[in-house]
């Protein structure tokens, strides 16, 4: 596993610090603007406790539920609390349909369509509108169980903190109210079910009593003869008389109640024959006559009507008492009938009757007793359920009502800014790595070696050719002239450092057996893209060797766009391209070679720009013979080749090179282009040839290390 190079990481961060900081600052500023442009939302939460025990106010104790079922019970209550039924009741109770936040609003789309006079879609129906409001409100509700406790948190989020608290409390109250109503309704449903059973049991009692009475009535004479029981006939006659009297009194009570409801006091007095009622009726008639003889709006008439009303009230009260007394008499007849009926039963059962008769009577009586017991049991349960319906308690209660929140729950500025800071740092570092190794230009030695895996020979500064007077005197002057005019400049020193690196590479290089050890070396100067200072560095390097007394030849191999002649301010008599094309009218090679005016440098100029493809020319046998001849007559042959990315000429020339100088423009040459160009050179060069890089035109402000020795340089 490779070790982490902390120094390399710190160097990357240092080089890309501005990019990292600018990325972080930009993201933070955008986040701040976005965060503070959001509408704050507030969340209020109430706390509801679910009691899983079974409570009954009619029973002093409480029955605990199954502990294993408590968890499911609480989870069920959470689902009920969050159900559409409960939420719809909250919507209706708080009129959220017309609420500005949750209600139906005109959308931006509809406004735009209206402005454009485009027909709007049909408005939603009442049910659709209610469903939209429900969905809007539901998205703002959060109901969750607090861990494994019996507590349920009921939260509502709104742009208005007071509204959030109100709706949270309303939701809790509606839930508890619905829970209580459900328990009451369940109890009443059970009561109604038992009520039907009570009616059936009552009918069974009546049927059994009627069956017994019917049997006795039909067989009383036979029973009296068989049992020798005395008095059955008299008891039967007594029972019949009591029933007749009861029916008569019951009819009279019904008539009196009808007269009382109609306030027919004359009929009541006549029917009841009560002295007190007669006196009150006499007073009433007297008051009625006096009222008739007075003016209707006179004070006397008003007083008389008031007295008449009092008399009517007294008559009604007295008549009601009399009717109640008669109803008690009817009830007494019913009790007398029951007593006589019981005597008949006792007499019959105590008589000496045949076994089949006793069995029949006993069966009828037993059925009656069973029906009475069932009736009493059901009636008791019915009354108990009636009491429970009015004494029901909810199983849940609010233990903490929602308070108006003082701070918004969204947006959480601290969390958002913290997360955005982490994202910004990660993005900044990611962009730094991307720019350092894939996209951006090269700006440091470590960066070049890390990306291209090729050693950096030197760093050349961004340099001017001289002062303004020099530029006016010689507009075509080249930066390479500094090798002669300013030998102690920082630029000249960087070229000499490049020369030193090449000398070191030359000593390490293994000379192929096909080469004469005394032959010169071919140094190829190339780049990935145009305008990176390749030709200037080739001329500068050639002059650096020539100034040391080395026999040096500079060949302008950039036939597509030759530029060395412009930097030397020389115009060749013939064109190199014509010589390579084997034009019969072209001059000899000797006529193409010229001398550098500032140094002892031999140059082979390209001349005019080529209007044809030149790759066949540079890979021809004639070009090979030229380079072989140059090795024999010169110590160093410098080839100024075209950039690798646009044309392939340089890749063919790389086969002849002993060393390759790859020029990189500081903070300009894309790393991807440089990587492709170096990879192509490695594939096409001789196996023994070495490659070094030169970082060209670096900003002097970034060369603080070199400026610490500024006393050694003069411009």
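Observations on the model:
Okay, residues lined up against (1) modelled with pLDDT under 90; (2) over 30 Å from residue 136 (Cα atoms):
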| position | (1), (2) |
| --- | --- |
| 5 | yes, yes |
| 9 | yes, yes |
| 22 | no, yes |
| 29 | no, yes |
| 33 | no, no |
| 58 | yes, yes |
| 67 | yes, yes |
| 84 | no, no |
| 92 | no, no |
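- Residue match in the stretch 567-587 (condition: modelled with pLDDT of 90 or more and closer than 22 Å to residue 649 by Cβ): yes
- Scan of the stretch 538-553 for residues that are out of contact with any strand residue (DSSP E or B) (no Cβ under 8 Å at 6 or more places or on another chain) and not in a helix (DSSP H, G or I), ordered by number: 548, 549
Here is a yes/no grid of residues against (1) modelled with pLDDT of 90 or more; (2) assigned to a helix (DSSP H, G or I):
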position: 446; (1), (2): no, yes
position: 472; (1), (2): no, yes
position: 475; (1), (2): no, no
position: 494; (1), (2): yes, yes
position: 511; (1), (2): no, no
position: 522; (1), (2): yes, no
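- Flag if residue 535 is under 29 Å from residue 664 (Cα atoms), under 60 Å from the mean Cα position of the chain (by Cα), part of a strand (DSSP E or B) and assigned by TED's automatic domain parsing to the domain that holds residue 657: no
- The set of residues in the stretch 607-626 that are assigned to a loop (DSSP other than H, G, I, E, B) and farther than 21 Å from residue 521 by Cα comprises 607, 608, 609, 610, 611, 612, 613, 614.
- Here residue 661 qualifies as closer than 30 Å to residue 444 by Cβ and crowded, with 20+ Cβ neighbours inside 10 Å.
- Number of the condition not met by residue 643 [criteria: (1) in contact with a strand residue (DSSP E or B) (Cβ under 6 Å, 6 or more places away or on another chain); (2) on the phi > 0 side of the Ramachandran plot]: (2)
- Looking only at residues of the stretch 218-240 that are within 25 Å of residue 335 (Cβ to Cβ) and surrounded by 14 or more Cβ atoms within 10 Å (Cβ to Cβ), we find that the one that is modelled with the lowest pLDDT is 229.
The values are calculated or read from the model by the stated rules, or taken from the named source; none is laboratory data. What you see is a predicted model, and the numbers here were worked out from it, not measured in a lab. Quick reminder, even Gly has a Cβ in these numbers, built from the backbone with ideal geometry, and neighbours come from all protein chains shown.
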